[in-house]
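Inspection log for the structure reproduced underneath, given as structure tokens.
Every read-out reported here was derived from the displayed coordinates using simple, explicitly stated rules and does not represent laboratory data. The structure presented is a predicted model; accordingly, all values stated were derived computationally and were not measured. Here the Cβ positions follow ideal geometry from the backbone for every residue, glycine too, while neighbour counts run over all protein chains shown.
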């Protein structure tokens, strides 16, 4: 399967301009230290429709969003999408540099995406709900 045919099957995503700029800088800074994570994030950034911060559709996953999602046949999980320095799996804070974090960015409730985990397995992630509420209240 070619890259172009694979991209046709990816859901459309949108990113706020401020998130996009900061994430591009993050991917570039990470490119030598962790090329796989940088490439995965950069691929999502390249295909995103970038909009003014105040034009991002409500319910779009952006940095700081609380996201309820299901993966494969597992039950729903609730996480907050954060930058690497804020990541804390115990608190449910997932870095945008993880495969799950990169897959989530820009999606909206109801969208699904297939992504490859670190073991090389294809996984399917389905977004159930997106909010900016406190993660403790969302769990």
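The table below lists the values:
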item: Residue among 95, 65, 18 with the largest mean-square fluctuation in a Gaussian network model of the chain, springs linking Cα atoms under 10 Å; result: 18
item: The chain - percent relative contact order, Cα under 8 Å, separation 6 or more; result: 26 percent
item: Sorted by Cβ neighbour density within 10 Å, fewest at the top, the residues 20, 126, 9; result: 9, 126, 20
item: Least to most buried among 78, 116 (fewest other Cβ within 10 Å first); result: 116, 78
item: Dimensionless Rg/Rh of the chain - Kirkwood Rh, Rg from C-alpha atoms; result: 0.93
item: Highest-first arrangement of 49-62, 99-112, where packing means the average Cβ count within 10 Å; result: 99-112, 49-62
